[in-house]
Structures are given as C-alpha cells and as structure tokens.
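Read the structure below first, then the notes.
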Amino acid sequence: MVTDQDLIIIVGSKNSSNSNRLVEIAKKMGVEAYLVDNPNSFDANILLGKMRIGLSAGASAPEAQVQLVIDYIRQFSDIQLTEIDGIEENITFKLPVF
C-alpha cells in the first residue's frame with residue numbers, strides 16, 4: 001500500500017499526465033514522491049533514511065527505464081523487490097457535447 005512506503009518514485013516523463021497523476025496520488029496520501037525520467041534525473045540523497053521505497057511507472061514508461069532506476073538504487077542499498085497491488089482508480093471522462 002502507498003502509505004506503507006517512506007518514499008515513492010514514479011518512473012515517467014514530466015509531460016506524462018499519467019505519471020504526474022501517480023505522483024499526485026502519493027503526495028495526497030502523505031507520502032514523499034518524485035517523478036524521475038531516468039536514474040540521472042534525481043539526487044540519490046532522497047534515498048537516505050528510507051527503508052521502504054515504492055517504485056511505479058507511468059503507462060508509457062519503458063520497462064528498461066524502470067530497470068535502470070532499480071539498478072541505480074541498488075548501488076546505494078541492498079534491496080529486496082516485492083510486488084504489491086496498486087490503487088485502482090475508476091475515472092471516466094465524458095465526451096464533450098457539441
């Protein structure tokens with residue numbers, strides 16, 4: 001669960017509304033969250049003192065980018081990966097009426 005994490009990292013592009021929404025949800029739930037495009041786009045100091053780091057990705061983020069971020073985090077800590085279920089949102093967008 002999101003609130004069980006000390007930090008949430010979302011892999012995705014800054015212009016991705018989906019990725020930005022994931023960060024927004026985590027922050028709304030009171031969890032520190034960052035959007036990163038790749039391992040070079042964030043300061044490793046955000047990992048300091050964090051025991052449980054949640055990692056997710058926007059819909060268009062390539063799996064290879066996610067793996068690069070995981071490998072980057074592994075440089076600083078011996079990590080154990082655990083998959084957890086996310087929050088399912090049921091948002092519908094109505095078509096405009098002309």
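FYI, it's all coordinate maths here, none of it is from the lab. Only a predicted model underlies this, so the values are computations on that prediction, with no experimental measurement involved. Neighbour counts run over all protein chains shown; Cβ positions are idealised from the backbone, glycine included.
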What residue among Leu55, Leu22, Leu68 has the largest mean-square fluctuation in a Gaussian network model of the chain, using Cα springs under 10 Å?
-> Leu68
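Just from its helices, what would the mean residue ellipticity at 222 nm be for the chain, if runs of 4 or more DSSP H residues each count -39500 (n - 2.57) and the sum is divided by every residue, rounded to the nearest 500 deg cm²/dmol?
Working: 2 runs with 24 residues, N = 98.
Only helices count here, giving -7500 deg cm²/dmol.
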Among (i) 7.3; (ii) 10.1; (iii) 5.6, the entry matching mean projected area of the Cα convex hull in nm² as calculated here is (i)
With Cα atoms, 0 to 90° folded angle of helix 17-28 axis to the chain main axis | 70
Would you work out the relative contact order for the stretch 2-74, in percent, from Cα pairs under 8 angstrom that are 6 or more residues apart?
-> 43
Using only Cα atoms, tell me the angle between helix 63-74 and the longest principal axis of the chain; keep it within 0 to 90° and round to the nearest 10.
-> 30
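Can you pull out the trypsin sites (Lys or Arg not before Pro) in the chain whose DSSP state is coil and whose Cβ has at most 12 other Cβ atoms within 10 Å? Before the final figure, lay out each step's value.
Working: sites: Lys14, Arg21, Lys27, Lys28, Lys50, Arg52, Arg74, Lys94; in loops: Lys14, Lys50, Arg52, Lys94.
Answer by residue number: Lys14, Arg52, Lys94.
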Förster radius 22 Å - calculated FRET efficiency between Asn38 and Asp4 (Cβ-Cβ, nearest 0.05) | 0.25
Phi angles of the stretch 45-55, converted by Karplus (6.51 cos²θ - 1.76 cosθ + 1.60, θ = phi - 60°) into ³J(HN,Hα) in whole Hz with x for Gly and Pro, give 4, 5, 7, 4, x, 8, 9, 10, 10, x, 10
Within the stretch 59-81, the residues whose backbone N lies under 19 Å from a label point placed 7 Å from the Cα of Leu48 along the Cα-to-Cβ direction are 73-78
